[in-house]
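Visitor: Sending over a structure as structure tokens; questions will come in a sec.
The values are calculated or read from the model by the stated rules, or taken from the named source; none is laboratory data. It should be emphasised that the depicted structure is a prediction, and the values quoted were computed from it without experimental measurement. Every residue, glycine as well, gets a Cβ built from its backbone with ideal geometry; the counts of neighbours run over all protein chains shown.
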Amino acid sequence: MEFQNNALFWQKLDSLFFSSELVIDRPKNSVHPKYANLIYPLDYGYLKDTDRKTKGGIDVFVGSKKAKTIEHIVVAVDILNKDIEIKILWGCSEEEIKKVLLFLNQTDYQKTIIIRKGNEVPFWAES
């Protein structure tokens, strides 16, 4: 099956993001709480009350672009935690995206892919 990157998904993601409180709990250049060799390349936090299981939230990297929009998400597979996570990149430049990907992919236990925003309307949404 082909990947479908459509405008309606991104519209809902914007709605979720802007209706949630962003909490930055790991500022740029801070050290990971468990792994001292991991330094956060950007401000990092989560959307409060968006994950009921962990009482945490959807992860967010915050870039330096003045016009902050969501144009990318990262999907991370973590074999240590046996988990898959989505991380929002908010207002990130191409250089900042590279830094995030290098940060997230530096161990053998986690690998990621990036999904860039699409603007197609799927056939099932056409009226």
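Visitor: What is the residue count in the stretch 7-46 for residues that are touching a helix residue (DSSP H, G or I) at 6+ places or on another chain (Cβ under 9 Å) and more than 19 Å from residue 96 (Cβ to Cβ)?
Guide: The total comes to 2.
Visitor: Out of the residues in the stretch 39-63 that are touching a Leu at 6+ places or on another chain (Cβ under 8 Å) and assigned to a loop (DSSP other than H, G, I, E, B), state the one that is surrounded by the fewest Cβ atoms within 10 Å (Cβ to Cβ).
Guide: Applying the filter and picking the extreme gives 41.
Visitor: Now, a different point. Against the definition (modelled with pLDDT under 95 and either buried (at least 17 other Cβ atoms within 10 Å of the Cβ) or outside any strand (DSSP E or B) (or both)), how does residue 36 come out, yes or no? So that I can check it myself, show each step before the final result.
Guide: Values: modelled with pLDDT under 95: yes; either buried (at least 17 other Cβ atoms within 10 Å of the Cβ) or outside any strand (DSSP E or B) (or both): yes.
Yes.
Visitor: Still on this model: Read through the list (1) out of contact with any Ser or Thr (no Cβ under 8 Å at 6 or more places or on another chain); (2) over 17 Å from residue 115 (Cα atoms); (3) part of a loop (DSSP other than H, G, I, E, B), then give the number of the only condition that residue 25 fails.
Guide: (3)
Visitor: While we're on this one: Output the residue which, of all residues in the stretch 95-127 that are within 16 Å of residue 70 (Cβ to Cβ) and among the charged types (D, E, K, R), is surrounded by the most Cβ atoms within 10 Å (Cβ to Cβ). Don't jump to the end; show me each part of the working.
Guide: We begin by selecting, within the stretch 95-127, every residue within 16 Å of residue 70 (Cβ to Cβ); these are 96-97, 100, 114-119.
Restricting the remaining residues to those that are among the charged types (D, E, K, R) gives 96, 116-117.
On the way: 96: 20, 116: 10, 117: 16.
Within the stretch 95-127, the match that is surrounded by the most Cβ atoms within 10 Å (Cβ to Cβ) is 96.
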